[in-house]
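The structure under discussion appears below in the form of structure tokens.
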Amino acid sequence: MTRVAETATPSPVRPRASRPALRGLSRTFVSREFSVFAALAILLIVTTIANPRFLSPQGTKDLLLNSAIFVVMAVGEALVIITRNVDLSVGSILGLTAFSTGATYNAFPHMPVIGIFVIGVVLGAILGAVNGLIVTAAKVPALVITLGTLYIYRGINNAWAGSTQYFIGNDPPEFGNLSVASVLGLPLLALIALVITVVFALYLFGSRSGRDLYAIGSDPVAAQLFGIKVTRRVIGAFVASGALSGLAGVLYASRFNSVGADTGTGYELQIVAAVVVGGVAIFGGSGTVVGAAIGAVLLTTMTGALAALNVSKFWQQAIVGILIIAAILITKLISLRNAKKLRVSEAKDV
Amino acid sequence: MKKGSFNDEAARMTGIPLAEAPVTLEMRGVTKAFGPVVALANGTIALEAGRIHALVGENGAGKSTMVKTIAGVYQPDSGTLELRGEPVVFAGTAESKAAGISVIYQEPTLFPDLTVAENIYIGRQPRNRLGFIDRPAMRREAAELFARLGVPIDPDRVAEGLSIADQQIIEIAKAISLEARVLVMDEPTAALSGVEVDRLFAVARSLRDQGAAILFISHRFDEVFALCDSITVMRDGAYIATHDADSITVDELVHEMVGRDISALFPKEEAEIGDVVLSVEGLSRAGVFSDISFEVRAGEIVGLAGLVGAGRTEVARAVFGVDRYDTGSVTMAGTPLRAHSPKAAIEAGMAFVPEDRRKQGLVMDLSVTKNTALTLRHQLARFGLISGRAERSAAEDWSKRLQVKTGSQSLAVSTLSGGNQQKVVLAKWLATKPKFLIVDEPTRGIDVGTKSEVHRLISELAGQGIAVLMISSELPEVMGMADRILVMHEGTISGRFDRADATAEAILHAASTDAEVAA
């Protein structure tokens with residue numbers, strides 16, 4: 001109804017100012033990740049000022065090592081959430097693969113390291129495939145299905161492990177060394193997490209099937225009508241999430257000294273939190289794995305930073321909660337602002 | 001995505017318009033049943049290259065099932081589908097699309113989070129040598145498509161927030177980029193204004209001239225006759241007849257659609273006009289409407305005509321108290337009404353049947369009973385609790401009076417046809433025994449048979465002494481039903497007519513002009 005005073009443009013059709021809009025779009029794209037990144041930077045700066053030892057070489061290394069496993073899992077979870085699903089079984093998958101790594105070394109002490117990785121990733125992929133198959137076949141929200149498999153996988157882990165604990169952090173030594181090794185000054189684990197983030201970021205941004213994931217999350221019914229292979233893509237996302245959790249399980253076994261029945265318990269909510277804080281919309285369709293990865297680093301850093309700042313452990317969780325809500329509000333604000341901008345530009349064009 | 005050379009991406013990406021080879025899609029004797037319900041008993045139609053074919057029929061005649069069978073969403077139980085003389089079976093939408101069939105559904109199916117360009121090319125984005133999506137190329141091709149269609153849509157904006165008309169243009173752009181040889185449009189004009197319809201028709205005609213076979217579904221006869229070359233009629237899931245558009249009249253068509261004569265489509269009965277029930281004085285809201293004054297008397301139907309966006313619904317919402325107004329007053333039966341209070345309006349005896357029944361009028365997942373009784377919660381409640389039995393009997397009473405066709409009162413409203421949903425909305429408000437009723441586009445998207453039932457109902461209500469304000473974009477409906485007609489243009493009342501001296505030309509003139517604009 002609002003009429004913008006029309007300047008008399010003799011209007012042959014012209015595409016609405018395409019370049020500025022493009023910039024606006026990439027700004028959106030950047031701004032979600034950027035706001036998480038800014039939060040991370042501020043956190044690091046404030047903490048370092050208060051406690052200079054926080055970012056000492058050892059402190060930095062710990063930070064990167066601690067983040068790496070979460071980053072790997074968050075990337076997988078982001079793929080699933082982008083399709084408007086969720087995978088709550090990631091903590092249980094990590095637990096099961098970590099324990100199976102211990103069990104494998106116990107049975108075959110001379111297993112080559114590469115073999116251990118293959119076993120972990122494949123086991124994780126199978127568990128993920130089970131999730132994906134049930135979700136797509138039963139057409140029941142993934143929240144419920146993966147809540148079920150969370151308990152099932154954990155139950156299997158419990159039954160298998162009983163009270164057994166494997167201590168494989170240093171045995172065999174070449175496996176334990178993975179978590180302390182450095183390449184080009186970066187801890188190997190962090191490098192693995194970085195490579196995985198980059199690979200999946202390229203996949204989501206630049207491949208057709210990667211874009212399909214966004215389409216599915218944006219409107220599943222339309223995706224079906226459009227002929228996108230919804231089932232295959234969703235199963236694929238769950239397989240990737242499972243495989244990455246499996247990989248994380250192997251890395252966990254290498255990094256931490258013992259694995260047992262309750263390894264990885266409760267990780268799922270931290271991972272989902274990291275993904276959401278990283279700007280992935282909980283109802284799918286938007287967000288990036290880069291954001292999810294930064295979200296994972298942010299939450300890990302938060303824990304360390306609050307400890308370095310002598311904030312009571314009890315408050316740490318509350319602060320994480322505030323962060324989640326803030327992340328969602330920022331996302332909402334950005335989309336409102338964009339909608340307004342679009343309206344204005346349209347009114348000008350009428 | 002397996003078959004054939006015409007799925008060749010390189011050819012598709014060149015953006016050359018439709019191929020020269022004439023394509024005929026022919027469906028013969030197709031049946032489709034869902035459990036015991038036969039949705040399609042005899043689906044028969046032949047689409048020819050370079051012609052626009054209309055498919056008409058009441059809601060529930062099987063049109064949408066036919067469309068979905070052509071699209072590959074459903075697979076026929078029996079019967080044949082032939083594309084260029086060769087039998088085809090589509091296991092899914094991807095296959096029909098690969099065969100050159102594009103379907104534009106009633107509700108556009110875009111991905112709100114993706115850009116316009118990506119919406120057009122999803123699944124077949126141009127790729128660079130590294131195998132990555134070539135975004136500049138995709139953007140360029142989308143821009144070229146829009147330039148050819150003559151519409152200024154920015155390929156880089158996200159689809160969220162686009163008008164329905166723009167969304168439909170994007171669907172068409174998609175179809176063109178797919179080099180669709182068969183284009184199916186399922187009620188594309190239901191939510192469009194006049195200008196937008198013209199634009200859509202221009203595009204459809206140019207596609208036809210390039211050799212596409214087009215199937216067009218609409219409830220609006222003027223559109224069918226303006227656009228289409230031939231017309232196929234369906235009734236109760238079965239094929240009835242196919243005609244050349246210039247060899248049949250609207251009355252004959254209606255007769256075939258309903259299988260019975262509807263002598264008067266718009267039967268407003270004479271009712272005794274009583275005292276003023278509602279009086280609106282100088283109602284204004286900055287930028288939306290200004291200086292709106294009118295009265296509605298008991299037993300009178302006042303039609304509110306005008307183009308989409310003229311401010312009719314906004315006035316109705318302000319009168320009912322949903323929206324604010326800056327100045328003016330609303331008086332019910334002599335008592336001024338508190339502004340911006342739907343509660344006060346309802347208590348004073350006002351009822352409002354909104355335009356978008358899916359979003360505003362009904363709770364789609366609740367049963368017919370619950371929906372009907374929604375407005376009666378206070379009357380029915382005892383000690384704050386609602387008895388299921390009281391709710392059922394009140395609801396049943398009303399749905400019986402309105403002849404709502406439903407298998408059971410406990411079925412979800414979403415399972416009913418559009419016309420029956422509209423009756424449930426009416427029932428819901430009539431159960432409150434209103435003195436003044438606002439109906440906004442009461443028959444939008446409703447088939448002819450149910451339409452006249454809705455008209456009969458509204459007319460009966462007026463006969464019982466209810467004052468009715470009816471917003472409608474359909475000229476025949478307004479002229480047939482209303483005792484007096486108000487016409488709005490850009491937020492002001494630009495014309496007032498009595499039933500006797502209202503002509504279509506005069507109303508249209510008032511609707512499209514006020515002071516200075518004449519283009």
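Do we have any residue at all in segment B:392-399 that's modelled with pLDDT of 70 or more, out of contact with any His (no Cβ under 9 Å at 6 or more places or on another chain), under 28 Å from B:E295 (Cα atoms) and hydrophobic (A, V, I, L, M, F, W, C)? For segment B:392-399, residues modelled with pLDDT of 70 or more, out of contact with any His (no Cβ under 9 Å at 6 or more places or on another chain), under 28 Å from B:E295 (Cα atoms) and hydrophobic (A, V, I, L, M, F, W, C): absent.
Restricted to helices (runs of 4 or more DSSP H) entirely inside segment A:1-112, those with at least 2 residues that are surrounded by fewer than 18 Cβ atoms within 10 Å (Cβ to Cβ) and at pLDDT below 50 are A:18-50. From the list B:I153, B:I217, B:I176, B:I170, the lone residue that is surrounded by 19 or more Cβ atoms within 10 Å (Cβ to Cβ), closer than 27 Å to A:I334 by Cβ, touching a helix residue (DSSP H, G or I) at 6+ places or on another chain (Cβ under 7 Å) and more than 10 Å from chain A (Cβ to nearest Cβ) is B:I170.
The condition (being surrounded by 22 or more Cβ atoms within 10 Å (Cβ to Cβ), more than 10 Å from chain A (Cβ to nearest Cβ) and either within 30 Å of B:G29 (Cα to Cα) or in contact with an Asp or Glu (Cβ under 8 Å, 6 or more places away or on another chain) (or both)) is satisfied by just one residue among B:S96, B:S102: B:S102. Testing B:T242 on (1) assigned to a helix (DSSP H, G or I); (2) of a type in the set (V, I, T); (3) surrounded by fewer than 19 Cβ atoms within 10 Å (Cβ to Cβ), one condition comes back false. Which one is that? The failed condition is (1).
Before we move on, is A:G284 more than 14 Å from chain B (Cβ to nearest Cβ), touching a residue at least 40 places away in the same chain (Cβ under 8 Å) and small (G, A, S)? When the stated conditions are applied, A:G284 does not pass them.
Of the residues screened, A:A292 is one that is more than 21 Å from A:T48 (Cβ to Cβ), in a helix (DSSP H, G or I) and touching a residue at least 24 places away in the same chain (Cβ under 8 Å). Residues in segment B:423-462 that are of a type in the set (A, V, I, L, M, F, W, C), closer than 21 Å to B:V258 by Cα and not in a helix (DSSP H, G or I): B:I446 only. Does A:A243 satisfy the criteria of being more than 8 Å from every other protein chain (Cβ to nearest Cβ) and either out of contact with any Phe, Trp or Tyr (no Cβ under 7 Å at 6 or more places or on another chain) or in contact (Cβ under 8 Å) with a residue 24 or more places away in the chain (or both)? Spelling it out, A:A243 is indeed more than 8 Å from every other protein chain (Cβ to nearest Cβ) and either out of contact with any Phe, Trp or Tyr (no Cβ under 7 Å at 6 or more places or on another chain) or in contact (Cβ under 8 Å) with a residue 24 or more places away in the chain (or both).
For first residues located in segment B:108-124 and in contact (Cβ under 8 Å) with a residue 24 or more places away in the chain and more than 7 Å from chain A (Cβ to nearest Cβ), partners that are hydroxyl-bearing (S, T, Y) and surrounded by fewer than 24 Cβ atoms within 10 Å (Cβ to Cβ) and lie 6+ apart or on another chain with Cβ distances below 6 Å form the pairs B:I120/B:S177. In this structure, A:G249 does not qualify as on the phi > 0 side of the Ramachandran plot and more than 14 Å from every other protein chain (Cβ to nearest Cβ).
Of the residues making up segment A:227-237, not a single one is under 24 Å from A:T101 (Cβ atoms), in contact (Cβ under 8 Å) with a residue 12 or more places away in the chain and of a type in the set (S, T, Y). Total residues in segment B:331-354 satisfying the condition of being within 19 Å of B:S293 (Cα to Cα), without any contact (Cβ under 8 Å) to a residue 60 or more places away in the chain and either in a strand (DSSP E or B) or among the acidic types (D, E) (or both): the figure is 3. Return yes or no: is B:A271 out of contact with any Leu (no Cβ under 7 Å at 6 or more places or on another chain), small (G, A, S), more than 10 Å from B:A54 (Cβ to Cβ) and modelled with pLDDT of 85 or more? It is false that B:A271 is out of contact with any Leu (no Cβ under 7 Å at 6 or more places or on another chain), small (G, A, S), more than 10 Å from B:A54 (Cβ to Cβ) and modelled with pLDDT of 85 or more. Against the test of being modelled with pLDDT of 90 or more, surrounded by fewer than 18 Cβ atoms within 10 Å (Cβ to Cβ) and among the acidic types (D, E), the options B:E107, B:E118, B:E144 yield a single qualifying residue, B:E144.
Looking across segment B:123-141, the residues that are buried (at least 16 other Cβ atoms within 10 Å of the Cβ) and touching a Ser or Thr at 6+ places or on another chain (Cβ under 8 Å) come down to B:F132, B:I133, B:R139, B:E141.
Return a yes/no flag: does segment B:329-341 have any residue that is at pLDDT below 90 and under 30 Å from B:L411 (Cα atoms). Checked against the condition, which is being at pLDDT below 90 and under 30 Å from B:L411 (Cα atoms), segment B:329-341 yields no hits at all.
With the requirement that a residue be within 14 Å of chain A (Cβ to nearest Cβ), closer than 28 Å to B:G465 by Cβ and outside any strand (DSSP E or B), what does segment B:281-313 give you? Selection gives B:R312, B:T313. In segment B:187-202, what residues are at pLDDT below 85, part of a helix (DSSP H, G or I) and over 12 Å from B:E223 (Cα atoms)? Passing the criteria: B:V195, B:E196, B:R199. I'm checking my understanding of the structure. Among residues of segment B:37-59 that are among the small types (G, A, S) and surrounded by fewer than 24 Cβ atoms within 10 Å (Cβ to Cβ), which one is modelled with the lowest pLDDT? Looking at the filtered set, the residue picked out is B:A39. Within the option set A:G249, A:G242, A:G266, A:G236, being under 30 Å from A:I156 (Cβ atoms), surrounded by fewer than 19 Cβ atoms within 10 Å (Cβ to Cβ) and at pLDDT 85 or above holds for one residue only, A:G266. Here B:G161 does not fit the description of being surrounded by fewer than 18 Cβ atoms within 10 Å (Cβ to Cβ), at pLDDT 85 or above and within 9 Å of another protein chain (Cβ to nearest Cβ).
When residues in segment B:115-143 are screened for being farther than 23 Å from A:A222 by Cα and basic (K, R), 3 of them pass. If you go through segment B:77-92 one residue at a time, do you hit one that is within 14 Å of chain A (Cβ to nearest Cβ), of a type in the set (A, V, I, L, M) and surrounded by fewer than 17 Cβ atoms within 10 Å (Cβ to Cβ)? Yes, that holds for at least one residue. The set of residues in segment B:244-268 being modelled with pLDDT of 85 or more and not β-branched (V, I, T) consists of B:D244, B:A245, B:D246, B:S247.
The values are calculated or read from the model by the stated rules, or taken from the named source; none is laboratory data. Everything numeric in this text was worked out from a predicted model, so none of it was measured. Neighbour counts are summed over all protein chains in view; Cβ atoms, including those assigned to glycine, are modelled from backbone coordinates with ideal geometry.
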